[in-house]
Amino acid sequence: MTVDLLITDAYIYIDRGHEIPNGWIAIKDGRVHSTGAGGQTPPVASRAIDARGQLVTPGLINAHHHMYQNLTRSYAPVTNGTLFEWLQGLYPLWAGLDEESVYLSTFVAMVELLMGGCTTSMDHMYVHPRPNLIDAQFRSAHEIGFRFHATRGSMTRSVEDGGLPPASVVQDEDTILADSERLVTKFHDPAPGAMDRVALAPCSLFSVSERIMRESAAMADRHDLRLHTHLAEDPEEDTYCAEVYGCTPTEYFERVGWASPRSWVAHYIYPSSSEIDRLAHAGVCTAQCPCSNMMIGGGAADAMNLRARGMRVGLGCDGSASTDHASMWLETRMALLLGRFRNGPHSMSARDALDMATRGGAACLGREDELGHLRVGACADLVIWKMSEVALAGALTDPVEAWLRCAPAVAGTTIVNGKILVEDGVPRLSGLNEVLRAHMHEARRIQRLTD
Ligand SMILES: [Zn+2]
């Protein structure tokens, strides 16, 4: 019996508490076939990679993102605004999104994610000025071979209704619900090993109606889907919820039927202790977005406290305009720094951060059985990190700590579903340069810049 791919002589981080210092990992049919230590004989393989001196980890999982925002990265007029100022400055630009620009921005985002060691990502696509934008995202994912969880975002409440966005980027409730049903029917694959999944993701409590929150939860129950939204991200959200709903964001979240094991939320920065306990008990997961939170200067969730209270916490790079990058390695490193800065050097290790970026992300997406670890039978999503760089010279005692404290920032080889998509740091994709040129053109159009 011959396996498809064999990686040898690596330091392999299989899962929390399971590492093989000098081991091999074999892949067959998109799954981890077998693993072993140096003294054990590996199976015969069609292709072998000598990863001597390198670290192998599960692929990192991005649990919160807005890929289209890479069309307005580092957009000067709003780079120093608050969250609400930043959103209000960019909504009119995002009203220019169409299928082509979303296809291109998704393609660029996925390549950037792969280069940072990410093998599975969700995307929270909540601006729909034109139809079929998530269809365009799946086109990118299929062309690249990326494992993709699209989330059908939505906004119903424009400025005229007391919301934040202009009327040009909101939709009526029936359109949102019908399109959500359509996308689930067309793309959602509930089978093990799925490359395509769909979740429902009203943008935030202050941008959608109560009916959308309630009916999304009901639709998720009907089709066995996951639910996602931003929650407790900003103090202004507390003020809004108090005025409009007469309660806190978490209380409203519970009231509309979202406190369930189907839900994962982005940020969750401003809950009370008892609210954290309640959502943890309900099985809600959180995606912390350290770089976005720090860039926007709005506080950040205390991830280790959430974990200690029983909540599963993943990591997300958030929108490419608030964070301006899409490297999950950088997010993982930043989660480590943020945790230690907040709670001291004993509070968090590189392994805690890696656990959040792998198993934590898989929990957010409801796929801990097959993603976020490299146990036999898991999806063959993994990264070989280059460990022989100048920046790692002298780091001899702990490859996992060294990986996150020193370097490498970019992945060496990224493998998704058993296929090599990045090799020696270079994406193995034809047509990338054409995509980048077209992306530049679309970014200029959306930012209303003339050539
Ligand atoms: Zn976000």
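The values are calculated or read from the model by the stated rules, or taken from the named source; none is laboratory data. These numbers come from a predicted model, not from an experiment. Reconstructed Cβ throughout: ideal geometry from the backbone, glycine too, with neighbour counts over all protein chains shown.
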Practice prompt. Kindly list the number of the only condition in (1) assigned to a helix (DSSP H, G or I); (2) surrounded by fewer than 24 Cβ atoms within 10 Å (Cβ to Cβ) that fails for R157.
Written response: (1)
Worksheet, complete the sentence: The condition of being within 30 Å of A266 (Cβ to Cβ) and either in the same structural domain as A199 (by TED's automatic domain parsing) or among the aromatic types (F, W, Y) (or both) holds, among A409, A357, A443, A438, only for A357
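Checking the structure you have, find out if any residue of region 378-386 is modelled with pLDDT under 95 and touching a Gly at 6+ places or on another chain (Cβ under 8 Å).
Our first condition is that a residue be modelled with pLDDT under 95; within region 378-386, this holds for 386.
Next, from what is left, pick out any that are touching a Gly at 6+ places or on another chain (Cβ under 8 Å): 386.
Checked region 378-386: at least one residue is modelled with pLDDT under 95 and touching a Gly at 6+ places or on another chain (Cβ under 8 Å).
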Discussion item. Considering only region 118-130, I want to know if a residue exists there that is touching a Phe, Trp or Tyr at 6+ places or on another chain (Cβ under 9 Å) and part of a helix (DSSP H, G or I).
Written reply: no
Worksheet item: Checking V56 against (1) under 25 Å from S349 (Cβ atoms); (2) modelled with pLDDT under 95, which test does it fail?
Response: (2)
Item to complete: Would you please name the residue that is nearest to the ligand (Cβ to nearest atom), looking only at residues in region 212-255 that are surrounded by 20 or more Cβ atoms within 10 Å (Cβ to Cβ) and part of a loop (DSSP other than H, G, I, E, B)?
Response: E233
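Quick one: which residue in L90, L114 is at pLDDT below 95 and not in a loop (DSSP other than H, G, I, E, B)?
Working: L114 fails: at pLDDT below 95.
Within the list L90, L114, the selection yields L90.
Tell me whether region 179-193 contains one or more residues that are touching a residue at least 12 places away in the same chain (Cβ under 8 Å), of a type in the set (S, T, N, Q) and crowded, with 21+ Cβ neighbours inside 10 Å. Walk me through how you get there before you give the answer.
In the first step, residues of region 179-193 are kept if they are touching a residue at least 12 places away in the same chain (Cβ under 8 Å); the result is 179-181, 183-184, 186-188, 190, 192-193.
Cutting the leftovers down to of a type in the set (S, T, N, Q) gives us 180.
Adding the requirement that they be crowded, with 21+ Cβ neighbours inside 10 Å leaves 180.
Scanning region 179-193 turns up at least one residue that is touching a residue at least 12 places away in the same chain (Cβ under 8 Å), of a type in the set (S, T, N, Q) and crowded, with 21+ Cβ neighbours inside 10 Å.
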Fill in: Inter-residue pairs, beta-carbon under 8 Å, first closer than 13 Å to Y13 by Cα and in region 380-404, second of a type in the set (D, E), 6+ apart
V400/E19
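Can E112 be described as away from the ligand (no atom under 16 Å from the Cβ) and under 14 Å from the mean Cα position of the chain (by Cα)? Spell out how you get there, then give the answer.
Values: away from the ligand (no atom under 16 Å from the Cβ): yes; under 14 Å from the mean Cα position of the chain (by Cα): yes.
The answer is yes for E112.
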Practice prompt. Can you give me the ranges of the helices (runs of 4 or more DSSP H) entirely in region 271-390 with at least 1 residues that are within 16 Å of the ligand (Cβ to nearest atom) and surrounded by fewer than 22 Cβ atoms within 10 Å (Cβ to Cβ)?
Written response: 290-296
Worksheet item: Considering region 397-444 alone, what residues qualify as being in a helix (DSSP H, G or I) and surrounded by fewer than 17 Cβ atoms within 10 Å (Cβ to Cβ)?
Response: E401, R405, L432, N433, E434, L436, R437, M440, H441, R444
Discussion item. For region 29-50: of the residues being part of a loop (DSSP other than H, G, I, E, B) and under 30 Å from T106 (Cβ atoms), which is nearest to the ligand (Cβ to nearest atom)?
Written reply: G30
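Is region 132-139 home to any residue that is modelled with pLDDT under 95, outside any helix (DSSP H, G or I) and surrounded by fewer than 24 Cβ atoms within 10 Å (Cβ to Cβ)?
Filtering region 132-139 for residues modelled with pLDDT under 95 gives none.
No, region 132-139 contains no residue that is modelled with pLDDT under 95, outside any helix (DSSP H, G or I) and surrounded by fewer than 24 Cβ atoms within 10 Å (Cβ to Cβ).
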Discussion item. Need the failing condition index for T239 against (1) over 20 Å from Y126 (Cα atoms); (2) touching a residue at least 24 places away in the same chain (Cβ under 8 Å); (3) of a type in the set (V, I, T), just the number.
Written reply: (2)
